[in-house]
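Here is the structure we will look at.
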Amino acid sequence: MKVPLLDLKPQYAGIREEVRQALDAVCDSQHFILGPVVEGLERDIATYCGATAGVGISSGTDALLAALMAAGVGPGDAVITSPYTFFATAGCIARLGATPWFADVDPETLNLDPKRVKALLESPPARYKKLRPKVLLPVHLFGQCADMTPLMELARVHELMVIEDAAQAIGSEYRLAGAVRRAGAMGAMGCYSFFPSKNLGGFGDGGMVVTSDPALAESLRRIRNHGMHPKYYHSMVGGNFRLDAIQAAVLRVKLPHLDAWHAARRRHAARYDAAFAGRAVTPPTAAYRADGMTHHHIYNQYVVRVPNRDAVRERMNQAEIGCEVYYPVPLHLQACFKDLGYRQGDFPVSEQAALETLALPVYPELTEAMQDEVIRVLLSAVSA
């Protein structure tokens, strides 16, 4: 049985008429950039995530870039983040002339390790002592929040702005200061991606920044539109980071279904967890499952750790079982960052994860028969 890593066709089949009506309305209006549909999505996402404002952006990458620009990040600044994430996290820092400061990840969750962040802040590498630590940028990897309580405290002590990379984690929850909070609404700004493979995915690129700071929200609105306000008057140099109305229309249709899709992914994850118990497959750690939260993990990816990962992946591919490696090369070892001076061995947890991790199909429409086939082939590949 062939099982794809992700199949969006069944999702579309269930909402096709709603989507087509929403798209027709945009086409009839002929208002394609920003406008009332985008404004509606901004309100919807901000409410869903627990922030007061949302600013629609052209992609998840541009959301990170715009947030860093709004924070005033530039040459001479350091931004602390994870070396085990998608390239955009550090790429946006570098694009602004700032320096990514990497801290290793927690071996259980693969999210930024607060102990490593603390050590970095207290004793930065000698080559970076003249840099100004300005932003703490935790990544909520694979759909689970980083451990925000100690990270927020470190940010307070060291006077760092917190910008959350929540591209993979919209709707994921964490208990902060006794209250359940959602990914992206704990720091000064939170950045989301609506890339089609995300739990809330559009029909192309799209993103958003949420914030509860009115001044940051206004700055973001100007930054996404060439720093312009009013029209043809530019108080800053921004970019063309505007969200299309077509993407917003699709996302507004999908958003009411999101919690049900999260729940289906968690059911699939629970079946995988049970099947892999006691086997040579290490399931992902859902760190906050027992903390009374509904959406502790939203499983944008279900990522296991296996021995001989590359050989296992090849056997899975031969059996036509979709799987993927997230991520084969940690950011500190990417060729474009060689001038940062990092070496193999600097972040051993991230480097080990890059050798062992494998993502399995977990999308909501996955059937039990399909999932059983994934389990059968994986366990056979691991024991081969």
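No lab work stands behind these numbers, since they all come straight from the coordinates. Note that this is a predicted model, so its numbers are computed, not measured. Virtual Cβ from ideal backbone geometry, glycine too; neighbours counted across all protein chains shown.
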Open item on the list: At 222 nm, what value in deg cm²/dmol follows for the chain if DSSP H runs of at least 4 each add -39500 (n - 2.57) and the sum is divided by all its residues, to the nearest 500?
Closed with: -12000 deg cm²/dmol
Task: Within straight-line cross-link reach of LYS254, lysines at Cα separation under 28 Å, skipping those fewer than 8 residues along the same chain - done: LYS2, LYS9, LYS198
TODO: Write out the trypsin sites (Lys or Arg not before Pro) in region 302-384 meeting two conditions: DSSP loop, and at most 15 other Cβ atoms within 10 Å of their Cβ.
DONE: ARG343
Open item on the list: Connecting C-alpha atoms closer than 10 Å in a GNM of the chain, tell me which of LEU176, LEU243, LEU251 has the biggest fluctuation.
Closed with: LEU176
TODO: Would you look at the GNM of the chain, springs on alpha carbons closer than 10 Å, and say which of ILE33, ILE223, ILE298 moves the most?
DONE: ILE33
Task: Spacing of the two label points (7 Å from each Cα toward its C-beta) at ASN308 and GLN30, in nm - done: 6.4 nm
Task: Inter-centroid distance (Cα atoms) of region 176-190 relative to region 109-149, Å - done: 17 Å
- [ ] Return the single residue from HIS257, HIS140, HIS332 with maximal mean-square fluctuation; model: Gaussian network over the chain, springs between Cα atoms under 10 Å.
- [x] HIS257
Open item on the list: Below 12 angstrom from the Cβ of GLY207, what's the summed charge of the other residues (Lys, Arg +1; Asp, Glu -1)?
Closed with: -2
Task: Fraction in percent of alpha-carbon pairs per bin - 10 Å, the chain - done: 5, 24, 32, 26, 12, 2, 0
- [ ] List the trypsin sites (Lys or Arg not before Pro) within region 154-259 that fall in a DSSP loop (any state other than H, G, I, E or B) and whose Cβ has at most 13 other Cβ atoms within 10 Å.
- [x] LYS231
TODO: Express in whole angstrom the spacing between the alpha-carbon centres of region 227-281 and region 1-59.
DONE: 10 Å
- [ ] May I ask you to give the average projected area over all directions of the convex hull of the Cα atoms of region 258-383, in nm² rounded to one decimal?
- [x] 9.4 nm²
TODO: On each of the three principal axes of the Cα atoms of region 1-62, give max minus min coordinate, whole Å, ordered largest first.
DONE: 46, 30, 21
